[in-house]
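Enquirer: The structure's right below; bear with me while I get my questions together.
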Amino acid sequence: MVTVPGARPITAPGWTGQPRLDLGLVDCDVHQGIKQPEDLYPYLPRVYREQMIEQGGMRIPGSGYFNVPQNAGRTDLAAANCDATKHSTHKMGNSYEQLRDEHLDLWHVDYALLTGAGVYGASVLPDPDFAAALCRAFNDWTMEHWIARDERLIMAMAVSTSDPRLAVREIERIGADPRVRAIMLPTGNRMPYGNRFYHPIWEACERHGLVIGIHPGNEGAGLAGPPTGVGYPTYYIETRMARPQMAMAHAVSLIAEGVFEKFPRLKVLIDECDQFWAVGLMWHMDADWKSLRDQTPWVKRLPSEYFREHIRVGSQPMLEAANNEQFLCMLDAMHADETLVYSSDWPHWDWDDPATTFPKLPEHLHRRVFADNAREMFGL
Amino acid sequence: MPLDPSSDIRRVVAGRVEEIPPGERKLIVPFRGRAGIGVFNVNGDYHALRNLCPHKLGPLCTGRVSGRPEAVAPPSSYAGEPEIERDGEIVRCPWHLWEFDITTGQCLVDPKMRVKTYPVAIEEGEVVVYADPADLPPQPPSGAAVPATMARGRSAE
């Protein structure tokens, strides 16, 4: 594994937390973003390039929650490179150098999964051909400007589900690259991800050993359904509280539709949707399966068995229990030694650093959460 | 089935065989909080289960008797529709619908769970259950008339 001699010690004011250096660190959610649409022009077919120039951008629909703090970014990171008061992760993106200096080296990250920004939500665009072209361009840009520059980076390639044949074509194009370990999809989409509409994509993912990554994005936007089952909430904070609802809808759908019976090697990573919903989901779905199994007899095993074998939950934003005792009980109840993977969400304002996010964990559990669960999922 | 005179096991006559034809069931000896016993005729063989679901103590033997749908693959594999297997051999508790194998008492959705079963014999055209007294009403006082279905220790000829 890559070790980084001479990595900088953490010297932030008042800082006392230090990551465990000896146990491994795999970060399952690091965002790389373009600075402006022009970054993608070299990778786009001319027809879309010209239309984008005319329109002034990609126009991936948003859902109208205008007050995402700091445009999602950590302004302390921006301060090193630019005027923090004008920093916008979405508008200004970030750079490989920043990621290297302010994250990978600083925290001794062994591997970081690049999950993208903006473009992974292309599935909600009305035009499936443009959506596919945008994903392809973003993937090529990521390969050239990030992946090629650091062995520690692995990639969740952007895929649009709008036309599964185009999604499969993109997976066939780059999915065999050993640096590509996942695809990335938004939580907001037209249907839950167990639906058979998506299965050709899942088949391609299984064939290439790619994890299906799901990350909040585009809920309530474009072709996607509303952010909650009861419609559109009013405030941004409500959309954040709605993330577990979407995570559960997708997880339940994948299990109930028999996706893991059809594709027994498939793995799913659900990032940035909290974690402890997994406890209630497993308990409730197991109970209901015992009563209602005959309606979905292709679900051969307890739903929690599929969950524990196939679904991994990103740790960020790690919920903060009232005390450590409760916290550790919840980790135990969700089988965190199998299901939980560390995610930082770097470089966003609500990120979770590797040192202070968890109380001291037993060493076995620390290894599972911070490294081994992710290594097994990605085949690292 | 001859009974050991020292045994507590009680011989309970559920009825004439023709009272419980294939696919039918009869509940016997429910009494003041005792659950009673369900006697089922599954394709000509008789089985007796305690009428008490080990899950939540529901009246298991009053539930729907059916088979069990099985699927070789999810519907999106287009491998055919689910088939009903073991038709008539499964009873589902009316509380929460857990499935039990009538012929063994085994719960089919939780391998740790089993409902109590009792030996059944056909004796002189009667369906006879050999039951644990704990599951039956208390013994009538000495000298009182013994109900026809609760005679104790009457060994079969």
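Enquirer: When you look at A:Tyr48, is it surrounded by 11 or more Cβ atoms within 10 Å (Cβ to Cβ), touching a Lys or Arg at 6+ places or on another chain (Cβ under 8 Å) and modelled with pLDDT of 90 or more, yes or no?
Expert: On the way: surrounded by 11 or more Cβ atoms within 10 Å (Cβ to Cβ): yes; touching a Lys or Arg at 6+ places or on another chain (Cβ under 8 Å): no; modelled with pLDDT of 90 or more: yes.
The answer is no for A:Tyr48.
Enquirer: Same structure, new question: Where residues in segment A:223-258 are open to solvent by 40 Å² or more (accessible area, probe 1.4 Å) and within 17 Å of A:Ile212 (Cβ to Cβ), which of them is farthest from the other protein chains (Cβ to nearest Cβ)?
Expert: Taking the candidates together, the pick is A:Met248.
Enquirer: From the residues in segment A:325-380 that are of a type in the set (Ser, Thr, Tyr) and under 16 Å from the mean Cα position of the chain (by Cα), which one is nearest to A:Asp22 (Cα to Cα)?
Expert: Of all residues in segment A:325-380, those of a type in the set (Ser, Thr, Tyr) come to A:339, A:342-344, A:356-357.
Okay, now just the ones that are also under 16 Å from the mean Cα position of the chain (by Cα), so A:339, A:342-344.
Working: A:Thr339: 22, A:Tyr342: 16, A:Ser343: 18, A:Ser344: 19 Å.
Among those residues, the one meeting the criterion is A:Tyr342.
Enquirer: Sort through A:Pro164, A:Pro192 and tell me the only one that's under 18 Å from A:Ile311 (Cα atoms), of a type outside the set (A, V, I, L, M), open to solvent by 10 Å² or more (accessible area, probe 1.4 Å) and within 14 Å of chain B (Cβ to nearest Cβ). So that I can check it myself, show each step before the final result.
Expert: Working: A:Pro164 fails: under 18 Å from A:Ile311 (Cα atoms).
Step by step, each of A:Pro164, A:Pro192 is checked, and only A:Pro192 is under 18 Å from A:Ile311 (Cα atoms), of a type outside the set (A, V, I, L, M), open to solvent by 10 Å² or more (accessible area, probe 1.4 Å) and within 14 Å of chain B (Cβ to nearest Cβ).
Enquirer: If we keep just the residues of segment A:259-286 that are within 13 Å of another protein chain (Cβ to nearest Cβ) and either among the β-branched types (Val, Ile, Thr) or more than 21 Å from A:Glu338 (Cα to Cα) (or both), which is least open to solvent (accessible area, probe 1.4 Å)?
Expert: This residue is A:Val259.
Enquirer: Let me ask something additional. Mind checking which residues of segment A:187-234 are touching a Phe, Trp or Tyr at 6+ places or on another chain (Cβ under 9 Å), hydrophobic (A, V, I, L, M, F, W, C) and within 16 Å of A:Arg165 (Cα to Cα)?
Expert: Those that are touching a Phe, Trp or Tyr at 6+ places or on another chain (Cβ under 9 Å), hydrophobic (A, V, I, L, M, F, W, C) and within 16 Å of A:Arg165 (Cα to Cα): A:Trp202, A:Cys205.
Enquirer: With open to solvent by less than 50 Å² (accessible area, probe 1.4 Å) and at negative phi as the only criterion, which of B:Arg92, B:Arg34, B:Arg64 stands out?
Expert: B:Arg92
Enquirer: Within segment B:41-57, work out how many residues are under 22 Å from A:Ser291 (Cα atoms) and either open to solvent by 10 Å² or more (accessible area, probe 1.4 Å) or more than 14 Å from chain A (Cβ to nearest Cβ) (or both).
Expert: Just the residues of segment B:41-57 that are under 22 Å from A:Ser291 (Cα atoms), to begin with: B:49-57.
Restricting the remaining residues to those that are either open to solvent by 10 Å² or more (accessible area, probe 1.4 Å) or more than 14 Å from chain A (Cβ to nearest Cβ) (or both) gives B:49-52, B:54-57.
Looking only at that region, the number is 8.
Enquirer: Residues that are assigned to a helix (DSSP H, G or I) and crowded, with 19+ Cβ neighbours inside 10 Å: does segment A:107-118 have at least one? Give the steps one after another, and end with the answer.
Expert: Kept after step one, since they are assigned to a helix (DSSP H, G or I), are these residues of segment A:107-118: A:107.
Keeping just the survivors that are crowded, with 19+ Cβ neighbours inside 10 Å gives A:107.
Yes, segment A:107-118 has at least one match.
Enquirer: Let me ask you something else. Scan A:Ala333, A:Ala321 and give me the residue that is surrounded by fewer than 20 Cβ atoms within 10 Å (Cβ to Cβ), modelled with pLDDT under 95, away from chain B (no Cβ under 14 Å) and within 28 Å of A:Gly24 (Cβ to Cβ).
Expert: Numbers: A:Ala333 fails: modelled with pLDDT under 95.
Just a single option satisfies the conditions, and that option is A:Ala321.
Enquirer: Six or more apart or on different chains, Cβ under 8 Å: which pairs go from a residue in segment A:292-303 that's more than 7 Å from chain B (Cβ to nearest Cβ) to one that's open to solvent by less than 30 Å² (accessible area, probe 1.4 Å) and among the basic types (Lys, Arg)? Could you list them?
Expert: Every condition considered, the pairs that remain are A:Val299/A:Arg293.
The values are calculated or read from the model by the stated rules, or taken from the named source; none is laboratory data. The structure presented is a predicted model; accordingly, all values stated were derived computationally and were not measured. We place every Cβ from the backbone using ideal geometry, glycine too, and count neighbours over all the protein chains shown. Areas reflect the complete protein model, heavy atoms only, side chains present, ligands, DNA and RNA absent. Shrake-Rupley method; radii C 1.70, N 1.55, O 1.52, S 1.80 Å.
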